[in-house]
1. Can you tell me the order of 99-108, 265-274, 297-306, 121-130 when each peptide is scored by its average per-residue count of other Cβ atoms within 10 angstrom, highest first?
2. Considering only lysines 8 or more places apart in sequence, or on different chains, count the pairs in the stretch 65-309 whose C-alpha atoms sit under 25 Å apart.
3. Using the Cα centre as the reference, give the magnitude of the dipole from point charges on the C-beta atoms of the stretch 65-309 (Lys, Arg: +1; Asp, Glu: -1; all else neutral), rounded to the nearest 20 debye.
4. Counting Lys and Arg as +1 and Asp and Glu as -1, each charge on the Cβ, what is the dipole of the chain about the Cα centre in debye, to the nearest 20?
5. For a quick protection proxy, order the peptides 137-145, 202-210 by their average other-Cβ count within 10 Å, most packed first.
6. For Ala184, what residues show an amide H to amide H distance below 5 Å, using hydrogens built from the backbone and excluding near sequence neighbours?
7. I'd like the projected area of the stretch 65-309, averaged over all directions, using the convex hull of its alpha carbons. Report it in nm² with one decimal.
8. What translational diffusion coefficient, in µm²/s and rounded to a whole number, does the Stokes-Einstein relation yield for the stretch 210-293 at 10 °C and a viscosity of 1.306 mPa s, taking the hydrodynamic radius as the Kirkwood radius over Cα pairs?
Amino acid sequence: MTIVRPPISAAAGSRPVLDVAKLRAEFPALQLKVRGSPLVYLDNAATSQKPRAVLDALTRYYEEGNANVHRGVHYLSEHATAAYDGAREKARRFLGAKEAREVLFVRGTTEGVNLVASSFGHANLKRGDEVLVSAMEHHSNIVPWQLICEERGARLTVIPMNRRGELLLDEYEKLLGPRTKIVAVVHVSNSLGTINPIREMVRLAHAKGIPVLVDGAQAAPHLPIDVQALGCDFYTVSGHKMFGPTGIGLLYGRADRLEALPPYQGGGDMIRSVTFAKTTFAPIPAKFEAGTPHIAGAIGLGAAIDYLGGLDREALAIHEQDLLRYATDRLSALPGVRVIGTAGHKASVVSFTVEGVHAHDVGTIVDQEGVAIRTGHHCTQPVMDFFGLPATARASFAFYNTRADVDALVAAVEKVQQVFGA
Ligand code: 7TS
């Protein structure tokens, strides 16, 4: 199974599944006070906070292990290379990939998608071809495809969704046509929280010989990932959303798929031999990792994976589902507050609107109470257009959040309503 469906009814108070206070103590940023109040950090979908283990791994690398990788014969370089390659093996296990060479270090999800769009597009897209994305994609899984489609004379087609924010699978199946060259779909929506049925979507695409890229940016912090069980061809995540550093992420590609793609960028480390007449390329993964990589980032991400691996992820999921349900119930109970994104299967992301108040004003006023949320279109303008909204406010929860955080949010939203006389 790729998705844990926790027994939610058992979670709401009957069983102390998680020592959240102990977990919180490992995150220095969660101890901050902002504007005189303890920080209530509910912007985890934008980026998560980092545990001490990750911060220490970064410092240790720079203090005790800093050298370039894959080139020096000296002690420190061998050490850094082993740590970097070790992080790739950790990432392989985290994603459930068969082989470490199927895991590329990239800058983040955005670069993961751009790499596939560019390399796959240049090798495979021609005039009249189609790239199928969904109605709930983040801009980073739309714009790279538009750029390559424009260059190649191909076009974007879109899987529709319903008012709850669920993709219409019957329509999806019909859109998988002879011109469809690739499907690019989000695992968990950042603005609606919807968890998409990726395994089923891959099965339908593969039945027609069409490869699938999955944007896993919001899935990695919440769900166990198993790319082999999902069956997808490409899967990409951002380290900073899963308690790791910024500037580092992962792109999984099945070995045969990656081997068939042309390089994305040229430079050092990605070649077998270079002459002015001709260059031959290194095998994967090096072929796709031109230049000095983000060594510290990879090591820090490895530490985040170790950290997550040491937690009971099923207990985390149960706790997050409790927060999701509690926040949804409490916000919905406020007059004039409407939750956007009511799919049957959701991660702990709650978008909402407050009648008569612009989302930015909601965000600004709750910030005065120390509550950090995101407001705006969340880089999903087509989702906002679909719901006829300029923006929403969004609370996104991590396992270190508590019901008290939800209470603080609700109290702050009530204050917003008082200020606006709503
Ligand atoms: N895909 C999804 C589903 C995302 O939520 C994001 C970032 C990205 C891709 C891009 O990730 P990056 O790490 O390469 O920037 N989402 C958000 C968000 O919801 N608020 O800020 C960033």
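The values are calculated or read from the model by the stated rules, or taken from the named source; none is laboratory data. Just so we're clear, the structure is a prediction, and the values are computed from it rather than from any experiment. For neighbour counting, all protein chains shown are included, and Cβ atoms are generated from backbone atoms with ideal geometry for every residue, glycine included. Protein only, heavy atoms only, side chains kept; ligands, DNA and RNA dropped before computing areas. Shrake-Rupley method; radii C 1.70, N 1.55, O 1.52, S 1.80 Å.
1. On the way: 99-108: 21.6, 265-274: 13.3, 297-306: 25.4, 121-130: 15.3.
So the order, starting with the most tightly packed, is 297-306, 99-108, 121-130, 265-274.
2. So the count of such lysine pairs works out to 15.
3. Magnitude of the dipole: close to 340 debye.
4. Working: 44 positive and 43 negative charges, 103 e Å.
So the magnitude is around 500 debye.
5. Highest-to-lowest ranking by the protection proxy: 137-145, 202-210.
6. Leu132, Val133, Leu213
7. Over all viewing directions, the stretch 65-309 projects a mean Cα-hull area of 13.5 nm².
8. In µm²/s, the coefficient is 110.
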